[in-house]
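For reference, the structure discussed in these notes is given below.
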Amino acid sequence: MESGNGKMIGYPLLSRYRGELMGLAILWVMLFHAYNASFSLAVLNGVKAFGYLGVDIFIFLSGMGLQFSLSKGRKLGEYLLRRAFRILPAYWLVVGLYGLWLRLCGQTRMVTVLWSMSTLHYWFHIPDTFNWYISALMAFYLIAPFYARLLRLRCKWLLTLALSVLSYGLYRMSIVLGVNYMSDFFFRIPAFALGALWGNRLAEGSPMSKRDAVGWSSLAVAGVILIELTRRKVIYLSSCYLFAAGLVPCCLLAAILLHSLPWKAPGQILRLLGECSLEIYLLNVVFTREYPLLRGAFGFIQNQWFYYGVVCALNLLMGIGLHKLMVPLTARLERLEEKTGA
């Protein structure tokens, strides 16, 4: 499907603006983490309260990117190494240094730090560990190659629906089994499935047909119906499930708006933040956990929003700097892997 100016507005659009969308998502997550500040307008507080859904956008875009990457025919080992090289060095650096600092301050044990660095802490529910998102993301990385094979089947939409229903079943089962701490992961499975479907269609070079447009639109309509049923307490669904139904229209709308902007600067800034979103997020978790310490250090700032403005600006600058620091290391690891593989 093309617009009047010949620009593709179908499946390639989200790929083109993937970085900008990730930039918007990280800002939304950071807004959510500003726990101690509130707006005077209820609608803005609502936007802030649902900022954790920025994670769903990340998972959706990751699912899309993973499927597109896997379509290039990379071997499983090469694919996993590249994912590990992108995530783990920055994760180990931030979590390792922060964990050691906590240990020196007597606020944690070394075994807890090691569990956090392993990314396995989330699955075993280890006390006092942190950063569940990276653990969940690594799990999606492992699932993606096997799910990509299933997406070769013709019934892609049915498969996506089945995986979404399965996620709800797993969530309900986790309550019965007493492991509902994994719900954050189960809630994001639909977002991953939708992203994988989008990435699959993108990799196939499929145009946005009328049938596809009806399918994505119907999903959004179903989401509105589910929201109303939840509001009336007919059913209960996590907001993650409700948001997943509208993920594609929301991302498409944001991408179209970005595409229509007459100024390049906002998009360039968002793309930069998207490229550095991993490092920004890792540091934001630390900044959020250390609110009492930072609030004391910036005690001269009385207004909470001004305080968060200063801290978030510092968070963004440090995240961008850390990303620039990690890029050469990641590239070196990839070159070493290519030589070893050859």
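Of the residues contained in segment 276-288, none is found to be modelled with pLDDT of 95 or more, open to solvent by 30 Å² or more (accessible area, probe 1.4 Å) and charged (D, E, K, R). Cβ separations smaller than 6 Å between residues 6+ apart or across chains give no pair from segment 33-59 residues that are at positive phi to residues that are among the charged types (D, E, K, R) and open to solvent by 80 Å² or more (accessible area, probe 1.4 Å).
Rundown of residues vs (1) over 23 Å from GLY205 (Cβ atoms); (2) in a helix (DSSP H, G or I); (3) within 15 Å of the chain's Cα centre (by Cα), yes/no style:
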residue	(1), (2), (3)
GLY19	no, yes, yes
ALA34	yes, no, no
GLY46	yes, yes, no
TYR52	yes, yes, yes
SER69	no, yes, no
ALA84	yes, yes, no
LEU97	yes, yes, no
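In segment 48-66, the condition of being at pLDDT below 95, within 29 Å of TRP216 (Cα to Cα) and open to solvent by 10 Å² or more (accessible area, probe 1.4 Å) is met by at least one residue.
Is it fair to say VAL310 is β-branched (Val, Ile, Thr) and over 28 Å from GLY65 (Cα atoms)? Give the derivation first.
Values: β-branched (Val, Ile, Thr): yes; over 28 Å from GLY65 (Cα atoms): yes.
It is true that VAL310 is β-branched (Val, Ile, Thr) and over 28 Å from GLY65 (Cα atoms).
Does segment 130-140 contain any residue that is more than 23 Å from ASN200 (Cα to Cα) and open to solvent by 50 Å² or more (accessible area, probe 1.4 Å)? Within segment 130-140 (the criterion being more than 23 Å from ASN200 (Cα to Cα) and open to solvent by 50 Å² or more (accessible area, probe 1.4 Å)), the answer is yes, since at least one residue qualifies. Examine segment 257-266 for a residue that is basic (Lys, Arg), modelled with pLDDT of 95 or more and open to solvent by 30 Å² or more (accessible area, probe 1.4 Å), and state whether such a residue exists. No, that holds for no residue. Condition check: charged (D, E, K, R), in contact (Cβ under 8 Å) with a residue 40 or more places away in the chain and touching a Gly at 6+ places or on another chain (Cβ under 7 Å). Does GLU334 satisfy that? Here the answer is no, as GLU334 does not meet what is asked. Taking segment 125-149 as the range and being hydroxyl-bearing (Ser, Thr, Tyr) and in a loop (DSSP other than H, G, I, E, B) as the test, only THR129 passes.
Does VAL94 qualify as being hydrophobic (A, V, I, L, M, F, W, C), under 19 Å from VAL285 (Cβ atoms) and in contact with an Asp or Glu (Cβ under 8 Å, 6 or more places away or on another chain)?
Numbers: hydrophobic (A, V, I, L, M, F, W, C): yes; under 19 Å from VAL285 (Cβ atoms): yes; in contact with an Asp or Glu (Cβ under 8 Å, 6 or more places away or on another chain): yes.
The answer is yes for VAL94.
So which residues in segment 210-269 are part of a loop (DSSP other than H, G, I, E, B) and within 22 Å of the chain's Cα centre (by Cα), if there are any at all? Let's see the steps before the verdict.
Let us first name the residues in segment 210-269 that are part of a loop (DSSP other than H, G, I, E, B), namely 232-238, 246, 261-264.
Matches in segment 210-269: LEU237, SER238, GLY246.
The set of residues in segment 185-242 that are open to solvent by 20 Å² or more (accessible area, probe 1.4 Å) and either touching a Lys or Arg at 6+ places or on another chain (Cβ under 6 Å) or of a type in the set (Asp, Glu) (or both) comprises GLU204, GLU228.
Residue-level analysis places ARG152 among those that are surrounded by fewer than 18 Cβ atoms within 10 Å (Cβ to Cβ) and either part of a helix (DSSP H, G or I) or not hydroxyl-bearing (Ser, Thr, Tyr) (or both).
Going by what's in this entry, would TRP101 be described as open to solvent by 50 Å² or more (accessible area, probe 1.4 Å), among the aromatic types (Phe, Trp, Tyr), closer than 30 Å to ASN200 by Cβ and assigned to a helix (DSSP H, G or I)? Answer is no for this residue.
The values are calculated or read from the model by the stated rules, or taken from the named source; none is laboratory data. Here the structure is a predicted model, which is why all the values come from computation and not from measurement. In this analysis, Cβ positions are derived from the backbone assuming ideal geometry, glycine residues included, and neighbour counts consider all displayed protein chains. Heads up: the accessible areas ignore ligands, DNA and RNA and are worked out on the full protein's heavy atoms, side chains in. Shrake-Rupley method; radii C 1.70, N 1.55, O 1.52, S 1.80 Å.
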